[in-house]
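Have a look at the structure that comes next, please.
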Amino acid sequence: MPRRARIMLMGKHLIAGEWVEGEGVFENTPVSGVADKFSVGSAELVDRAARAAEEAFVEYGVSTRVFRAKFLREIADQIDARGEAITAMGTKETGLPEGRLNGERGRTVGQLRLFADHIEKGDYLDRRFDAALPDREPLPRPEIRMMQRPIGPVSVFGASNFPLAFSTAGGDTAAALAAGCPVVVKGHSAHPGVSDIVAQAIHAAIEICGVHPGVFSQIQGGNRAVGQACVQHPLIKAVGFTGSLGGGRALFDLCAARPEPIPFFGELGSVNPMFMLPHAVKTKGATLGAGWAASLTMGAGQFCTNPGIAVVLEGDEGAAFVHAAQVALKQVGAQTMLTDGIAAAYHSGRDRVAGSQGVQTLLTTTCDLRNATPYLFQTTAAEWLANEELGEEVFGPLGLVVVAKDEAEMLAVAKSLVGQLTCTLHMDDEDAPLARQLLPILERKAGRVLANGFPTGVEVCDTMVHGGPYPASTNFGATSVGTLSIRRFLRPVSYQNIPVSLLPADFS
Ligand code: NAP
């Protein structure tokens, strides 16, 4: 573990090992205290970073797995060494509590170390071998080997609600660097200070490990042209994006319109519906209602896995579940939101739901700008089916109960869903017949289907899928969390009759 480092903000862009000024200055928007100043990014800086990344790829793309694993572990150590400064800056910029930021840092360094272990094992390369069949009739077969190779420079966009785990050294960066791809990060304007300190940690790891400095660059935002230039630059070969549907879709469209389209792995929003099956609601409705309220309001509801919708059957038991949720939600005070813009979007989302036809307000509260209090609404399955806007994410602690008159209507709600990150079943053994009908529907809708739990809290492991059909993600075959996420930055290459001595080091 390195010595505890003394931290000062650089306030600049890190481009291939140099801290570079842009043109103009923007400020972060701290919850309290004095704002910090950061240099504004530009398309010209993106070009410099992308060229350096391509240059670095020449050697980093053929580096050994042992080398890259050491580098990933060094980044984790360097982040840990700056832990206190990162947490202090994170609480200032985002309003997230200290405990949450420390936990998120643990997840971030944990996933860097997990990727180091993962690439050392080598299974992810999916190495295959077809021996030559020189005597085969009518034609001989050549010797063919296949393995996964890094795709080239990757651009990464983090999200406001995970200033560490989905940001500068978050899952996308860890997966790309593990694969052998240089990274150009577009810094998030909601937490430029955290991004600055984390970039310092990566810079230190680059110097210690003797990695080509073009392997990592970060251009701070303050200007939307930076993100657009990142996805349009001809040397960028893939994009890892976590954020809103609107932002993700705009950048996805730019990617698709390139002369050479590239994959855009956008992990977007979701309403994560929960299906409350009747026997479970009968035996533990009140507990489930309180559990839902806790999950819905965790982190001011600013989680992409926030379960915003609960589907129940009409009747006293469903009503008891809703009542328990209402009582628990009433106890939750105002929580600070990540930015003024996110708070404003939450309040307008609430107004949209409240004003929708057939929606009844069950819990309304008042709060100031930048704060969120919970809201609870209820509608019928018939109204839900008639109004697809009710299925759109409101980023914050807002719950909508959808009351189905019978099981057929509950199944119809499931069928009507657009792509989700998660779908949940709350069930008892007696609910198995209905669950058996729902599961084949829900597995087509979501990346992760779960029973008797709440979807907030995403395990970083080999089996995790954090993605789903559009609009949960722009690429339904991928995950942005867990070791499988490395696949996004690899492509298979066949080597036909190529001498083994010429094959990339990763082959052995
Ligand atoms: P966001 O507003 O879409 O921002 C994400 C990044 O994209 C930022 O760097 C932003 O730049 C940039 N951007 C957005 N629109 C752009 C455009 N038109 N042109 C160029 N750049 C653009 O999202 P957010 O507020 O950070 O994150 C909250 C959302 O992320 C929620 O919807 C949440 O559900 C979702 N989320 C999803 C996951 C997941 O894994 N699926 C995880 C976490 C969060 P600026 O810095 O200039 O704003």
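Over the alpha-carbon set of the chain, work out the extent along each principal axis and list the three values in angstrom, largest first.
Computed over the chain, the largest-to-smallest principal extents equal 72, 72, 43 Å.
Based on the alpha carbon coordinates of region 96-152, what radius of gyration and maximum Cα-Cα distance (Dmax) apply, in Å?
Calculated on Cα positions, Rg and Dmax stand at 21.6, 70 Å.
Can you give the longest run of the chain that contains no GluC sites (Glu not before Pro) sitting in a DSSP loop with at most 13 other Cβ atoms inside 10 Å?
The answer is 24-442.
Also: In 5 Å bins starting at 0, how do the alpha-carbon pair distances of region 284-332 split up by percent?
5, 24, 30, 23, 13, 5, 1
I would also like to ask the following. Taking a quarter of the surface of the convex hull around the Cα atoms of region 274-451, what do you get in nm²?
Seen from a random direction, the Cα hull of region 274-451 projects 9.0 nm² on average.
Working out 0.36 nm times the residue gap between Val327 and Asn102, then minus their Cα-Cα distance, what length gain in nm do you get to one decimal?
Stretched out fully, the Val327 to Asn102 stretch lengthens by 77.9 nm.
Now a separate question. Please figure out what share of the DSSP beta bridges in the chain is antiparallel and state it in percent, rounded to the nearest 5.
In the chain, approximately 40 percent of DSSP beta bridges are antiparallel ones.
Given 20 °C and 1.002 mPa s, compute D for region 16-165 with the Stokes-Einstein relation, Rh being the Kirkwood radius over Cα pairs; round to the nearest whole µm²/s.
Stokes-Einstein gives a translational diffusion coefficient of 110 µm²/s.
List the relative contact order of the chain as a percent without decimals, with contacts defined as Cα pairs under 8 Å and 6+ residues apart.
Relative contact order for the chain comes out at 17 percent.
Taking the Cα centre as origin and putting +1 on Lys and Arg beta-carbons and -1 on Asp and Glu beta-carbons, what dipole magnitude results for the chain, to the nearest 20 debye?
It works out to roughly 840 debye.
Next question. Can you tell me the dipole magnitude for region 101-248 around its Cα centre, using point charges on the Cβ only (Lys, Arg +1; Asp, Glu -1), in Debye to the nearest 20?
Using Cβ point charges on Lys, Arg, Asp and Glu, region 101-248 gives about 240 debye.
Hey, rough spin-label estimate for Asp316 and Ser348, points 7 angstrom out along Cα→Cβ, what's it come to in nanometres?
For Asp316 paired with Ser348, the spin-label model returns 4.5 nm.
Let me ask something else about it. Mind checking the dipole of region 274-451: about its Cα centre, +1 per Lys or Arg Cβ, -1 per Asp or Glu Cβ, Debye to the nearest 20?
360
Here's a follow-up. Can you sort Thr483, Thr168, Thr379, Thr283 from fewest to most other Cβ atoms within 10 Å of each residue's own Cβ?
Neighbour counts put them in this order, fewest first: Thr283, Thr379, Thr483, Thr168.
Any read-out appearing in this document is the output of simple, stated calculations on the displayed coordinates, not a laboratory observation. Quantities reported herein were computed from a predicted structural model and do not represent experimental measurements. With ideal geometry, Cβ positions are generated from the backbone for all residues, glycine too; neighbour counts draw on all protein chains shown.
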